[in-house]
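Worksheet: the structure to be examined is printed underneath.
The values are calculated or read from the model by the stated rules, or taken from the named source; none is laboratory data. None of these values were measured; they are calculated from a predicted model. Heads up, the Cβs are rebuilt from the backbone with ideal geometry, glycines too, and the neighbour counts pull from every protein chain shown.
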Amino acid sequence: MTSANRAKKEQEVAAFRAQLEKAEALIVTHNMGLTVKQVTDYRAKLRKEGVTLKVTKNTLARLALQGTKFDHLSKLLTGPTAIAASSDPLAVARVTYNFAKDNEKLVILGGASGKDVLDPAAIKTLALLPSLDALRGKLVGLLQAPGAQLARLAQAYADKGGAGAAPAAE
C-alpha cells in the first residue's frame, strides 16, 4: 500500500468518524443485489430526510466506529453493508424500513440510537411511530377538543332559549 493510498484511507475514516459523532442513530443494512437505480432512489429518500448513507469497506467502517458511541455495531459489518446515519432516529428508521419493505434485497441488520442497540424488530417499531409533527398535531387537537365541546354546548343552550330568555309564546 502506498503512503498516498494510506493517507487517503485515513482521511476517509476520519471524515466518516466525524459524521458518526454528529449522528444520534445508525442503521446497518445489507444491500446485496440492489440495482444502481434502487440505491440512488434509497439515497434520495434518505437525503430528503437529512439522513446520510455510507457504503465503504467494512474494515474502514470498523475503524471509523472505534471510539464512538456506535462502536458495538462493528459486529454487524460483514458482507456488502451500508450505514445510514442521522440526527433523527425516527427519520432514518422510517425511510430504511419503508424502503426495505418494498425492496427485499435491502436487509436491515440492526442499528443503534445513542447507546441503545436496535434489532430489526425495534427498528420496525421505531419506523411505525408517528412523526414529531403528527404528534404535535394530535396534541393540539386534544387540547382544543374540550374548548370546542364547551363552545358547542353553550351555543346549543343559547339556541334552545337558555337561562334569562323570555318564555316562548304559546
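Data table
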read-out: Scan of the stretch 49-64 for residues that are in a helix (DSSP H, G or I), within 22 Å of the chain's Cα centre (by Cα) and under 16 Å from H30 (Cα atoms), ordered by number; value: A61
read-out: Pair list, Cβ < 6 Å and 6+ apart or interchain, from the stretch 17-43 residues that are under 13 Å from A100 (Cβ atoms) and not assigned by TED's automatic domain parsing to the domain that holds A91 to residues that are part of a helix (DSSP H, G or I) and at pLDDT 90 or above; value: none
read-out: Among residues of the stretch 112-136, those that are touching a residue at least 40 places away in the same chain (Cβ under 8 Å) and over 11 Å from L26 (Cβ atoms), counted; value: 3
read-out: Any hit, the stretch 65-79, residues being farther than 17 Å from D116 by Cα, within 18 Å of the chain's Cα centre (by Cα) and not aromatic (F, W, Y); value: no
read-out: Yes/no for A156 being under 30 Å from L77 (Cα atoms) and aliphatic (A, V, I, L, M); value: no
read-out: Residue list for the stretch 17-43, filter: in contact with a Lys or Arg (Cβ under 6 Å, 6 or more places away or on another chain) and either in a helix (DSSP H, G or I) or at positive phi (or both); value: G33
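Rundown of residues vs (1) assigned to a helix (DSSP H, G or I); (2) among the acidic types (D, E); (3) at pLDDT 75 or above, yes/no style:
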site: S74; (1), (2), (3): yes, no, yes
site: I83; (1), (2), (3): no, no, yes
site: L135; (1), (2), (3): yes, no, no
site: A163; (1), (2), (3): no, no, no
site: A166; (1), (2), (3): no, no, no
